[in-house]
Amino acid sequence: MNVWRRLSGPRRTLALAGAGVLVAGGLVTIPVTAAQAATQCDIAYTTNDWQGGFTANITIKNLGDPVNGWTLGWTFPNSSQRVQQGWSATYTQSGNQVTARSLSYNGTLANGASTNIGFNGAWSGSNPKPTSFTLNGVVCNGGTGNPTTPPPTTAPPTTAPPTTAPPTTAPPTTAPPTTTPPGTKVDNPYAGVRGYVNPEWKAKADAEPGGSRVSNNPTAVWLDRIAAINGTPNSSSNGAFGVREHLDEALRQGAGYIQFVIYNLPGRDCSALASNGELGPNDLPRYKAEYIDPIAAIQSDSKYRNLRIINVIEIDSLPNLVTNTSGQAGGTVMCDTVKANGAYVNGVGYALAKLGAIGNVYNYIDAGHHGWLGWDSNFGPTADILKTAAVASGSTVNNVHGFITNTANYSALQEPYFKITDTVNGQTVRQSKWVDWNFYVDELSFAQAFRTKLISVGFNSNIGMLIDTSRNGWGGANRPTGPGATTSVDTYVNGGRIDRRAHAGNWCNQAGAGLGERPRANPATGIDAYVWVKPPGESDGSSKEIPNNEGKGFDRMCDPTYGGNARNGNSPTGALPDAPISGAWFSAQFQELMRNAYPAL
């Protein structure tokens, strides 16, 4: 999968696109009485509950005079109930009392108009529904319960209608939307919500001895061919679930976010063989019409509007145009072709524009890893081509929520026992064979620095980074416990480095690797989440050629007997033996990943 390329010289506030699945776990409807104030409302409050948490969906319907700006108030019956994260309103809570204030786009409600808001909350003991709501200080059910916001200084009449009665039968000339329009996405789609657990991957993990220790972690769903959109029940990779089945299952689970890997560019993985795709380099029209368009059609279904859909866009693609074209070590004809015809740039731009137009979809573009792009000759040019793609085919940088590094790779998250500024006997560690003049020695420092660079070339200042930590733990008996000997820069680096690969360019089924940090949000400055985009236990590629009808090739970098090439310094590949084709279940690797997990299981 993530093939190495040449080794040479507080964010925005919460708003619309919500989280969680709004399955009715109880419905509270507060109607109005016949004789009611000018501000009259009907509130529908539904929840989806799980142990210790819940997602609430609230529909506010105005039955009185037009409202220009509203404040909804209620009191939680249980003192433990808390609003943790909300959308489509500004929330405040004091004790049991909660207020939700309208935003700029949904504050105007004509007579008969509705708007939807929601939040994720926490509870202990029980999670009873509020019994009374107020809108702009007026109790929606005709006066029962205590208002949680101050009433107007001059109370509106409670027995007589207003001088000019609002229409009760005719709708306004232009009916306002009854569902929340697309708006500003939440700052971090991973924050405050549970991730989707793919039941197909979970079943494989649970079948392994000890696998239940990790099988409840969220992993990404890989859409690596057109057929995967509807499901591939007879495949050794993917599974019977298609995009819609995964989304429906996410609703059933009450998940707040789900992750997909968009991975089928024309001429895909132009410098690799194990993961070449089904589309030829000139198949951009097919990519758009048969791949991206159907995915977008499903993800845009209003049924899923409150689920955060996260797309990882085309791993191992755009950096290839910098590092593996003519004039570069290991440059290929295919990389030259897709650079010249614009297949990668325009394909990524189209995917960003089409998917980014959906209000609850978040796009993160793949941005390689430090062992691929950490040199100045690669670092800046890759940022530039990512920007080029982000504004191609009708897209803008606003369709990019962030970037992901180390996808399906093994680069250590942090190297605790040496840093790039260290020197040994007057020599910088950059001169060691392992570092090879790179400016970065681990993935966290690279991701944070690359984020700064991406902002400098024109991406929004609030972009976030993801780091795939599914296989970069490098724990177990061989994990160093301190710095290496200071005999030379090589003994110092090799003796203390966490990443135990023979070369930072080795990428296929690496022996000795372990599960890394478990998925979690906001782990470090500028990092939206540590994620498991590559599901642990799924092969990177076969260790020998295996005939198949799934379009999976054979790459010598997956062969443990191969002595390497210029891309990895002619080093042994470090690949495990007896591996199946890419994406197929590899039990021996999964067991090793669990043994070498760091943090340990």
Original post:
When each pair of different Cα atoms in the stretch 178-294 is counted once in the 1/r mean, what is the Kirkwood radius in angstroms, to one decimal?
Top reply: 16.2 Å
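What FRET efficiency, computed as 1/(1 + (r/R0)^6) with R0 = 30 Å and r the Cβ-Cβ distance, is obtained for Lys433 and Ala203, rounded to the nearest 0.05?
Details: r = 43 Å, r/R0 = 1.43.
Computed FRET efficiency for Lys433 and Ala203 comes out at 0.10.
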Subject >> Apportionment of accessible area to carbon and sulfur, the chain, percent (1.4 Å) >> reply: 52 percent
Subject >> Inter-part distance where the stretch 185-206 and the stretch 544-599 are each reduced to a Cα centre, Å >> reply: 26 Å
Subject >> Thr561 - accessible surface, heavy atoms, 1.4 Å probe, Å² rounded to 10 >> reply: 110 Å²
Original post:
Which of the trypsin sites (Lys or Arg not before Pro) found in the stretch 536-570 are in a DSSP loop and have at most 15 neighbouring Cβ atoms, other than their own, within 10 Å?
Top reply: Lys544
Original post:
Using only helices, what value at 222 nm comes out for the chain when you add -39,500 (n - 2.57) per DSSP H run of length 4 or more and divide by the total residues, to the nearest 500 deg cm²/dmol?
Top reply: -5000 deg cm²/dmol
Original post:
Over the stretch 476-571, what relative contact order in percent results from Cα pairs under 8 Å that are six or more residues apart?
Top reply: 20 percent
Original post:
Say R0 is 41 Å: what FRET efficiency, to the nearest 0.05, do Thr491 and Ser587 get from their beta-carbon distance?
Top reply: 0.65
Original post:
Listed here are the pairs Lys339/Lys552; Lys339/Lys387; Lys204/Lys303; which of them are more than 18 Å apart at the Cα?
Top reply: Lys339/Lys552; Lys204/Lys303
**OP:** Please report how far the C-alpha centroid of the stretch 396-415 lies from that of the stretch 58-74, rounded to the nearest whole angstrom.
**Re:** 42 Å
**OP:** Would you mind getting the accessible area per residue of the chain, heavy atoms of the protein chains only, 1.4 Å probe, in Å²?
**Re:** 37 Å²
**OP:** Provide the gained length on full extension for the span Thr108 to Ala340, in nm with one decimal, where the gain is 0.36 nm per separating residue minus the Cα-Cα distance.
**Re:** 78.5 nm
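The values are calculated or read from the model by the stated rules, or taken from the named source; none is laboratory data. Note that the coordinates shown come from a computational prediction; the quantities given were computed from them, not determined experimentally. Virtual Cβ from ideal backbone geometry, glycine too; neighbours counted across all protein chains shown. Ligands, DNA and RNA are excluded from the accessible area calculation, which covers all protein heavy atoms including side chains. Shrake-Rupley method; radii C 1.70, N 1.55, O 1.52, S 1.80 Å.
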